[in-house]
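This report refers to the structure that appears directly beneath it.
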Amino acid sequence: MFDPDRFITDRLRAIDASGIRRVFDLAANLEDPINLSIGQPHFDVPEPVKAVAAQAIADGFNRYTQTQGIAQLRDAIVQRVAREFPHTLGGDGGLHGDLDCLITSGVSGGLLLTLLTAVGPGDEVLIPDPYFVMYRHLVTLAGATPVYVDTYPDFLPTPERIEPLITPRTKVLIFNSPSNPTGVVAPADVCRGVAELAGQHNLLLLSDEIYDEFCYVKSGDPPRCPSPASFTRNLLLMRGFSKTYAMTGWRLGYVVGPAPIVHEMTKLQQYSFVCAPSMVQVAGTAALGVEMDEQVAAYAKKRDRVIDKLAPHFDITAPGGAFYAFPQVPDRLGVTATQFVERAIEHNVLIIPGSVFSERDTHFRLSYACDDDTLERGLDVLVSLARR
Ligand code: PLP
């Protein structure tokens, strides 16, 4: 008799998706929920970018590209990164010779390639907690062990918090700023400290900067979000197009890092994703020239609104970027975050319990990537639940 169970490996069984599924199962019964759970911008892809993608399709740009990505996009990214990090990554008009760039199928694609390339059984990967859920599962898939760095209550992955957890088995340190789920932006001194720590312990630093444009405290010239890439070149810098240009379904990202690692990742991409979608690469090149300041400013205002409204009722670390906040459920309610989220769902508001992103179940993630009216209604419900 055919037994499908026989074809599911322990590798996959080790991945547990029940936390988030439970929330979505509860939400499935809601008719028109006030949805504050969405991990993507509520605006659409800029029109000029859509037009370039449509034209590329019409022009027959529909075939495989080179695995590492089309030259025009790679060049544009290299110029941008070299300009932003002239002291570490930038060389003569491009990247330093020992660095390379790979166009990936989203940052997710880059994360999978990195972890399969860099770690395996017996290796440990440091993950600041709370974390983007994919990290934990991809580390497990690669056969390595996730080690969580507790960053409560301010959510800063400081060297002081990380260093005690480093062992001879530690190989990779994941750094994500602006952060999903907390929205916290690590200041330059934390970025520097983490870069130095990785150097001292010979760790590969993986800097996931997918929310880099959604940073409300940019500084420098050109203005930028603080990044460990300002302080070291021994890192894999990962950025994408999903959030900045609302291209989540288009699957485009990039990695810049030490050439020997990037070349192995390229080899793996050749035998897995093959390449990032061709017409999207063309459109991505155009996207890099589109200003998103207006959208980012609108999100900064929504962020302010979230703080104004929730701070009197919840402990909330002011988020400096991304489009999330991560408030703590008031102790006085005597409930876990999961229970609080269930209550919110009973009142038609969809948020995500912290336990999905963390070893703790005390906070919840709220996404303000929605229109102002939805946000206002959702915040009203959360405040009324906190007041009970
Ligand atoms: N990294 C972080 C921190 C994210 O929040 C996400 C998406 O939510 C990703 C990576 C993956 O983005 P994509 O694969 O769409 O580029």
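Things to note:
- Top-ranked residue in the range 90-118 [being modelled with pLDDT under 95 and either crowded, with 18+ Cβ neighbours inside 10 Å or not assigned by TED's automatic domain parsing to the domain that holds Met247 (or both); ranked as farthest from Gly257 (Cα to Cα)]: Gly90
- Qualifying residue in the range 254-270 (condition: within 15 Å of the ligand (Cβ to nearest atom) and either at positive phi or not assigned by TED's automatic domain parsing to the domain that holds Asn176 (or both)): no
- Search result, residues across the range 198-223 that are part of a strand (DSSP E or B) and in contact with a strand residue (DSSP E or B) (Cβ under 8 Å, 6 or more places away or on another chain): Leu204, Leu205, Leu206, Ser207, Asp208, Cys215
- Total residues in the range 110-160 satisfying the condition of being more than 12 Å from Leu206 (Cβ to Cβ) and β-branched (Val, Ile, Thr): the figure is 7.
- The residues on offer are Arg251, Arg233, Arg239, and the sole one that is away from the ligand (no atom under 11 Å from the Cβ), of a type in the set (D, E, K, R) and assigned by TED's automatic domain parsing to the domain that holds Asp100 is Arg233.
- Test result for Gln328, touching a Phe, Trp or Tyr at 6+ places or on another chain (Cβ under 7 Å) and surrounded by fewer than 22 Cβ atoms within 10 Å (Cβ to Cβ): yes
- Residue check, Thr151 surrounded by fewer than 21 Cβ atoms within 10 Å (Cβ to Cβ) and within 16 Å of the ligand (Cβ to nearest atom): no
- Qualifying residue in the range 72-82 (condition: within 16 Å of the ligand (Cβ to nearest atom) and at pLDDT 95 or above): yes
- Within the range 357-381, the residues that satisfy the criterion of being part of a helix (DSSP H, G or I), under 26 Å from the mean Cα position of the chain (by Cα) and within 19 Å of Asp315 (Cβ to Cβ) are Gly378, Leu379.
- Restricting Pro86, Pro121 to residues that are in a loop (DSSP other than H, G, I, E, B), over 25 Å from Pro277 (Cα atoms) and free of Cβ contacts under 8 Å to residues at least 12 places away in the same chain narrows the list to Pro86.
- Single match in Ser207, Ser230 (criterion: touching a Phe, Trp or Tyr at 6+ places or on another chain (Cβ under 9 Å), at pLDDT 95 or above and more than 24 Å from Asp129 (Cβ to Cβ)): Ser230
- The condition (being buried (at least 22 other Cβ atoms within 10 Å of the Cβ), part of a helix (DSSP H, G or I) and away from the ligand (no atom under 11 Å from the Cβ)) is satisfied by just one residue among Ala195, Ala186: Ala195.
- Answer from Ile15, Ile77 - the residue that is surrounded by 10 or more Cβ atoms within 10 Å (Cβ to Cβ), in contact with a Phe, Trp or Tyr (Cβ under 9 Å, 6 or more places away or on another chain) and within 24 Å of Leu113 (Cβ to Cβ): Ile77
- With respect to (1) assigned to a helix (DSSP H, G or I); (2) polar (S, T, N, Q); (3) more than 21 Å from the chain's Cα centre (by Cα), the lone exception for Gln295 is condition (3).
The values are calculated or read from the model by the stated rules, or taken from the named source; none is laboratory data. Predicted model only: the values in this text are computed from it and were never measured. Using ideal geometry, Cβ is built from the backbone for each residue, glycine included, and neighbour counts are taken over all protein chains shown.
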